[in-house]
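Reviewing the structure listed below.
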Amino acid sequence: MQTDMFKDKVVIVTGGANGIGRCIADEFRSQGAVVYVIDKQEGEHFVGDISKKEVLEAFAVEVLSQHSKVDIIINNALPLMKGIDECSYEEFQYAMSVGVTAPFYLVKLFMPHLADGASIINISSSRDRMSQPQTESYTAAKGGIAALTHALAVSLAGRARVNSISPGWIDTAYTVYEGPDATQQPAGRAGNPMDIANMVLFLCSDKAGFITGENICIDGGMTRQMIYHGDCGWKLSE
């Protein structure tokens, strides 16, 4: 890929201090983009809790005080994961605020300033279509942002393309697994942040100009594979 594809593009990344978000931000920077990160972790970026309306508004003011347009918005921040046994009303509301409300409001704030050919990417999860026990807050938020994606794609038609990515097992430490942890996945390995960043950059490029409203699952094929006793090194517990 050419190294200046996103030269001088203004890119927003929520939750960009670590993991997948940091990888995405770094890849855009390597392509010449001007990247603004907002994260609750301390660091050399805008520090704030995106569940708070006033924090999102202050962040937008800071970006727009330096740029008249925004080219790309990546809604990546992680919502809280708690299950129905322990998750309180307030915690569930917080997960929705981080995972669904903040992406909606951030797009709304920047909407009048979207550049021609703007792109918005929402990071969902393969949990938007499958679950483990006791994950309701996270799973609901990820399902919400997946649905928000196609709604925004229709509302912003002609102004921005809007797509979502649903990562599966992504090891942010780039651990190489062996045995069932690898062979259970049709791709033969766990994922890493670059698997997601590569797709983000593609979807934000002119090469993806006819793609909008889509949700792309990047999970090594896990959601397509049925596993029974004896498959992939797995055995039924006795």
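Just so you know, all these numbers are worked out from the coordinates, no wet-lab data involved. The shown structure was predicted, so the numbers you read here are calculated from the model rather than taken from an experiment. Neighbour counts are summed over all protein chains in view; Cβ atoms, including those assigned to glycine, are modelled from backbone coordinates with ideal geometry.
Which count do you get for residues in the stretch 183-208 that are out of contact with any helix residue (DSSP H, G or I) (no Cβ under 9 Å at 6 or more places or on another chain) and over 23 Å from Ala33 (Cβ atoms)? Looking only at that region, the number is 1. So in the stretch 62-107, with the set limited to residues that are acidic (Asp, Glu) and part of a helix (DSSP H, G or I), which one is farthest from Phe6 (Cα to Cα)? Selected residue: Glu90. Checking each residue of the stretch 48-67 against the condition of being within 15 Å of the chain's Cα centre (by Cα) and either over 22 Å from Ser166 (Cβ atoms) or among the hydrophobic types (A, V, I, L, M, F, W, C) (or both) gives at least one match. Go over the candidates Gly43, Gly15, Gly32, Gly21 one by one and state the one that is more than 18 Å from the chain's Cα centre (by Cα) and surrounded by 14 or more Cβ atoms within 10 Å (Cβ to Cβ). Gly32 is the lone residue from the list that is more than 18 Å from the chain's Cα centre (by Cα) and surrounded by 14 or more Cβ atoms within 10 Å (Cβ to Cβ).
Per the listing Glu136, Glu214, the residue uniquely touching a residue at least 12 places away in the same chain (Cβ under 8 Å), surrounded by fewer than 20 Cβ atoms within 10 Å (Cβ to Cβ) and within 24 Å of Ile74 (Cβ to Cβ) is Glu214. Of Gly48, Gly16, all but one fail to be under 23 Å from Ala95 (Cα atoms), in contact with a helix residue (DSSP H, G or I) (Cβ under 9 Å, 6 or more places away or on another chain) and touching a residue at least 60 places away in the same chain (Cβ under 8 Å); the exception is Gly16. Inside the stretch 110-133, can you point out the residues that are buried (at least 20 other Cβ atoms within 10 Å of the Cβ) and of a type outside the set (Gly, Ala, Ser)? Residues satisfying the conditions are Phe110, Ile120, Ile121, Asn122, Ile123, Arg127, Asp128.
Where residues in the stretch 193-208 are touching a strand residue (DSSP E or B) at 6+ places or on another chain (Cβ under 8 Å) and within 18 Å of Asn75 (Cα to Cα), which of them is surrounded by the most Cβ atoms within 10 Å (Cβ to Cβ)?
Selected residue: Cys204.
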